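See below for the structure under consideration.
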Amino acid sequence: MTEDVRVWEILEGDRLEEMNKTRLDLEVRLEKWLEQDISILSSDLLVIGRQVDTDFGGFIDLLCLDYNGNVVIVELKRDKTPREVTAQALDYASWVADLSNDKITEIANGYLGEKGPLEDCFRTKFGAELPEILNEHHSMVIVASEIDDRSERIIRYLSDKYGVGINAATFQYFQNGGGKELLSRVFLIDPTQVEYSTRIKTISKRPPPLSYDDLQKMSKDNGVGDIYDLLLERLSPIFSGKNTTRSSVAFVGLMSGSRNTIFSLIPKDSNPEDGLKFQVYINRLAKYLDVDKERLVEVLPQDKREWGYFGDTSPDWTGYEGFFKNLDEAERLATALSEIKQARDG
């Protein structure tokens, strides 16, 4: 059932005044807002097409890529019936499922124009290289001012029972007596739950990332489990989030609406003699924590060397790699970053 979101404005004297909810021309304006700033739906999306011809007699409102290189269909409900909007999203998904890397790149570069190419836009948005395999999974998000019970039942059934990557986001519009406008967003299903169901119930085109338990076991097997456990626990609250790969855990920061990998722990390349391997994009870390780069370099482990992503020498793609030899080095870095973040946040 769609949540009944209510909003109050706090006035002088701690008085509350409820803001009026209205449909106005919300769904007409939503597509423009989403194209201009897709982060109102998700900060993990890059728009690569608008009104994309599916060759099936329909046009996808917005076509996006997420930070894993998966295709996401964003479809506005507008005045469609529940059966129409769900069937249309699934029809579009049947076309998207077979999109090749070349076709996706062609669509994206045609849309991005002078802002492109896709590789550069992806790198700027997510702070990572465009994956070699795109469209491993695909998903759909139906956007509306409200979702009726029938649509909700269908979406939940497809997601929960069969792992179909489908969700709905409802946006509600509020306006106070002075004309101030507010917009709220609520997902029907937690997006992380949809992503998890899709991954475990569909066939992958590439090996999945390791779980946190897998990486923890790998760190113990490679003789650096205590250092890994300390850093994973202490660094997690400092960053905006984290994700895993086949060999590492990467800590990410959200900056200017973009998701950037900043610091990585790499159990796969670690051993008892060298220690726990790390890589850090030092300029990104300095920007994220709003601190001088030199102060961060001072608290890195002694065993470090300058490093660039696949030899890239541009400032955003360079930093240091090396090894944490012991718990003292790990504790020193974690304590320093925590203090810097606390000072930044006031």
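Tally up the residues in region 153-164 that are in contact with a strand residue (DSSP E or B) (Cβ under 7 Å, 6 or more places away or on another chain) and under 14 Å from Ala87 (Cα atoms), please.
Residues meeting the conditions: 2.
Search region 326-346 for residues that are hydrophobic (A, V, I, L, M, F, W, C) and pair each with any residue that is surrounded by fewer than 16 Cβ atoms within 10 Å (Cβ to Cβ) when their beta-carbon atoms are under 6 Å apart and the residues are at least 6 apart or on different chains.
Leu333/Val299; Ala336/Val299
Taking into account only those residues within region 145-158 that are aliphatic (A, V, I, L, M) and at pLDDT 85 or above, which is surrounded by the most Cβ atoms within 10 Å (Cβ to Cβ)?
Looking at the filtered set, the residue picked out is Ile155.
Could you list all residues from region 96-121 that are closer than 25 Å to Gly165 by Cα, surrounded by 11 or more Cβ atoms within 10 Å (Cβ to Cβ) and out of contact with any Leu (no Cβ under 9 Å at 6 or more places or on another chain)?
Scanning region 96-121 gives Ala97, Lys103, Glu106.
How about region 241-279: which of its residues are within 19 Å of Phe122 (Cα to Cα), out of contact with any helix residue (DSSP H, G or I) (no Cβ under 6 Å at 6 or more places or on another chain) and in a loop (DSSP other than H, G, I, E, B)?
Answer for region 241-279, where residues must be within 19 Å of Phe122 (Cα to Cα), out of contact with any helix residue (DSSP H, G or I) (no Cβ under 6 Å at 6 or more places or on another chain) and in a loop (DSSP other than H, G, I, E, B): Thr245, Ser256.
Every residue, every condition in (1) free of Cβ contacts under 8 Å to residues at least 40 places away in the same chain; (2) assigned to a helix (DSSP H, G or I); (3) in contact with a Cys (Cβ under 6 Å, 6 or more places away or on another chain), yes or no:
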{"residue": "Leu99", "(1), (2), (3)": "yes, no, no"}
{"residue": "Asp120", "(1), (2), (3)": "yes, yes, no"}
{"residue": "Leu130", "(1), (2), (3)": "no, no, no"}
{"residue": "Ile133", "(1), (2), (3)": "no, no, no"}
{"residue": "Ser151", "(1), (2), (3)": "no, yes, no"}
{"residue": "Ile154", "(1), (2), (3)": "no, yes, no"}
{"residue": "Ala168", "(1), (2), (3)": "yes, no, no"}
{"residue": "Gly179", "(1), (2), (3)": "yes, no, no"}
{"residue": "Arg185", "(1), (2), (3)": "no, no, no"}
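Looking at (1) under 30 Å from Leu41 (Cα atoms); (2) of a type in the set (A, V, I, L, M, F, W, C); (3) modelled with pLDDT of 95 or more; (4) surrounded by fewer than 21 Cβ atoms within 10 Å (Cβ to Cβ), which one does Leu285 not meet, given that it meets all the others?
Condition not satisfied by Leu285: (4).
Any idea which residue in region 122-139 is surrounded by the most Cβ atoms within 10 Å (Cβ to Cβ), counting only those that are among the polar types (S, T, N, Q) and more than 20 Å from Met255 (Cβ to Cβ)?
If we take residues in region 122-139 being among the polar types (S, T, N, Q) and more than 20 Å from Met255 (Cβ to Cβ), then Ser139 is surrounded by the most Cβ atoms within 10 Å (Cβ to Cβ).
Given the conditions (1) modelled with pLDDT of 85 or more; (2) surrounded by fewer than 16 Cβ atoms within 10 Å (Cβ to Cβ); (3) closer than 30 Å to Met255 by Cβ, and given that Leu76 satisfies all but one, which numbered condition is not satisfied?
(2)
For residues that are part of a helix (DSSP H, G or I) and hydroxyl-bearing (Ser, Thr, Tyr), scanning just region 291-346, find the one that is farthest from Asn271 (Cα to Cα).
Ser338
Just one of Lys325, Lys293 is out of contact with any Ser or Thr (no Cβ under 9 Å at 6 or more places or on another chain), under 18 Å from Gly225 (Cα atoms) and surrounded by fewer than 18 Cβ atoms within 10 Å (Cβ to Cβ); which is it?
Working: Lys293 fails: under 18 Å from Gly225 (Cα atoms).
So the residue among Lys325, Lys293 that is out of contact with any Ser or Thr (no Cβ under 9 Å at 6 or more places or on another chain), under 18 Å from Gly225 (Cα atoms) and surrounded by fewer than 18 Cβ atoms within 10 Å (Cβ to Cβ) is Lys325.
The values are calculated or read from the model by the stated rules, or taken from the named source; none is laboratory data. In this text the structure is predicted, and so the values were computed from the model without any measurement. In this analysis, Cβ positions are derived from the backbone assuming ideal geometry, glycine residues included, and neighbour counts consider all displayed protein chains.
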